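What follows is a short report on a single structure.
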Amino acid sequence: MTVLINYPKNFLRYDLIRDVTKHVKRGHRWIFSDCFASTEKFQDGPALVTFKKQQLAFVVVQKDTHLRARIIVLLNEKDSVDFQLKKYFQSQWLKTLELRAQFPNELTNSFRFINGEGDGFPGLIIDIYNDTAVIKHDHPVMEEIWNHEKLVEWLKRDLPYLKCIYLKRKNDEEEKGANLYGELSPEVSFKENGVQFTSNIRDAAKTGFFLDQRDNRKMISHFSKGKKVLNLFSYTGGFSVYAAIGGASEVTSVDIAAAAVAASQKNFDINGLKNTHHAIHADAFEFLETAQKEKKTWDIVITDPPSFAPNQKALPKAIEGYTRVYASSIKLVPNGGLFVASSCSSHISQEQFLEILQNSFSTARRKGTVVSIGGQPSDHPFPLVMSELRYLKFAIFRLDD
Ligand code: SAH
C-alpha cells in the first residue's frame, strides 16, 4: 500500500463514551482519555474509533498520555479504510507541498515541510535545512507508526535536492538519531532571508534550529541600526546575527549552553560580520542581576527563554517566572529603547502572553507601547480549532516615559 503509515490488517476498535463528532468535524485532531470508558484496555498504535458503533476515525492511540488518540483521518462507512487512507495521504501531501511552493528560494533554503497536526500529519515534524531533511516525532509511539521508507521515497521524489534524510530523537536518548538516506554531515549550512547559518543537527535543540522565529528575526534587523543589542537565551545567535546585519553597533549574546554560545560566534563569522560581538556563556538570570546592579543598559533587549510550562499544572509558576525574567529585562532598557519578548510555551495563550507583559512592565514600573506582534510563520500552520498549537508568541515594545 502506498500509504505513509504502518497499520495492521485487523484493527483494534474503541467505542467513545462521549460524542466528539462536532469537535473532530471542525478539525480538532486529539481525543482525550476521558472520552473513552475507564474500563477500556488500550494498546499503543493504529486503531479505529467509533461512536455508538458508527465508524468515526482512523487514529493512533498513545495509551499512557491524556492525549489518548491522534486522529489521522475521519472515515466514512462506504469506502474501505485502505482506500480512504491512501486518498487522504496523497491529497494531504500535495497540500503540504503547495503551502511550501515558495521554498526553497534564493534567500531561504531552510523551512518546515511538515508541521504535525497543522499539516494533517499528527505527531510528525519534517524540517529542511538546505540538502538535509530532519524527521522528528512528537512521541515514541508515533515513531513506530510513520512509515519511514515511504516518507523517504516521497521526500526524494518531491524534494530531489535532498542528499540526507535524518531521523532525530531526543538528545537524552541513547541513540540520538539515524540516517534514513545519505549521511548527516557534522555541520549543515543553510540560508534564511539571505543570512547564513550552520547547525550541528545531531546535538542541536529541536531539529537543529528554531525555524519558527524566521519572520521575527527579520523584524529585529529593521530596528537595529547603530543600536547596542542584548540577546538573552540566545541559543546559536539567530536574533544576534540579524541585529548585526541590521547594523547594530554592538551585540551581546548570552546562553547557558557552551556549544550554543560558540556556534553564535561561528554564525557571525560565516556571514563575515565585523560588528562587536560579546558571546557570553552564562546563566541569563545571573547576568540580568549583575547587569542591573552595575546599572548597564542596552538600546534593545531580546528575551526568548525556554518554555517554563511543560504542562498545564506548571502554569502558575511559569507565569511567575516569565513575569520576573521579562521585568528584569525591561529594567535594562532606557526610555526610547525596545524590549522584545517571546515565549514558545503552548500552555500560554496569546492573550495570557500580553497579560504577563502588562504585569512585567508594571513590576518594572515602566510604560510600554506595542510596536509589533509576531507569531509563527506560514510553514508552521495549525488547525483553527487547535489554538494550543499556536504556540509561538512574540512582541516588540518601546519603552516610554
Ligand atoms: N532565541 C533562540 C532560541 C532560544 S531557546 C533562537 O531564536 O534561536 C532557549 C535557550 O535558552 C537555549 O539555547 C538554552 O540553552 C537557553 N537557556 C536555558 N536556560 C538558560 C539559563 N538559565 N540561562 C541562559 N540560557 C539558558
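Details
- Length-normalised contact order for segment 12-79 - Cα pairs under 8 Å, 6+ apart - percent: 33 percent
- Within a Gaussian network of the chain (alpha carbon springs, distance under 10 Å), most fluctuating of 128, 145, 165: 145
- Note on segment 281-353 and segment 1-55: Cα centroid distance 41 Å, given to the nearest whole angstrom.
- Of the residues 342, 253, 38, the one that moves most in a GNM of the chain with alpha-carbon contacts below 10 Å is 38.
- Pairs of Cα atoms in segment 100-192 fall into 5 Å distance bins, from 0 up to the last occupied one, in shares of 3, 13, 24, 27, 20, 10, 2, 0 percent.
- Area of residue 139 that stays accessible when all protein chains are in place (1.4 Å probe, Å², to 10): 50 Å²
- Accessible area expressed per residue, segment 112-236, with surrounding protein chains retained (probe 1.4 Å, Å²): 40 Å²
- Here the chain exposes an accessible surface that is 50 percent carbon and sulfur, computed with a 1.4 Å probe and the other protein chains kept in place.
- The trypsin sites (Lys or Arg not before Pro) of segment 301-401 that DSSP puts in a loop, and whose beta carbon has at most 12 other beta carbons within 10 Å, are 365.
- GNM top mover of 251, 24, 261 - the chain, alpha-carbon springs below 10 Å: 24
- Shape summary: segment 210-400 maps onto an equivalent ellipsoid whose semi-axes, from the alpha-carbon gyration tensor, are 24, 20, 16 Å in decreasing order.
- Under 20 Å from the Cα of residue 41 - lysines, other chains or at least 8 residues apart: 9, 52, 53, 63
- Taking trypsin sites (Lys or Arg not before Pro) across segment 31-112, the ones in a DSSP loop with at most 13 further Cβ atoms lying within 10 angstrom of their Cβ are 41, 52, 53, 78.
- Computed over the chain: relative contact order in percent, which uses C-alpha pairs under 8 Å that are six or more apart: 11 percent
- Here residue 87 is the anchor, and the aspartates and glutamates within straight C-alpha reach of less than 18 Å, apart from those fewer than 8 places off in the same chain, are 77, 79, 98, 117, 119, 153, 158.
- The tail of the calculated P(r) for the chain beyond 38 Å holds 26 percent of all Cα-Cα pairs.
- Structure note, pairs 168/266; 218/367; 78/136; 228/293; 136/191: Cα-Cα distances above 27 angstrom occur for 78/136.
The values are calculated or read from the model by the stated rules, or taken from the named source; none is laboratory data. The structure presented is a predicted model; accordingly, all values stated were derived computationally and were not measured. With ideal geometry, Cβ positions are generated from the backbone for all residues, glycine too; neighbour counts draw on all protein chains shown. Only protein heavy atoms, including side chains, enter the accessible area calculation; ligands, DNA and RNA are left aside. Shrake-Rupley method; radii C 1.70, N 1.55, O 1.52, S 1.80 Å.
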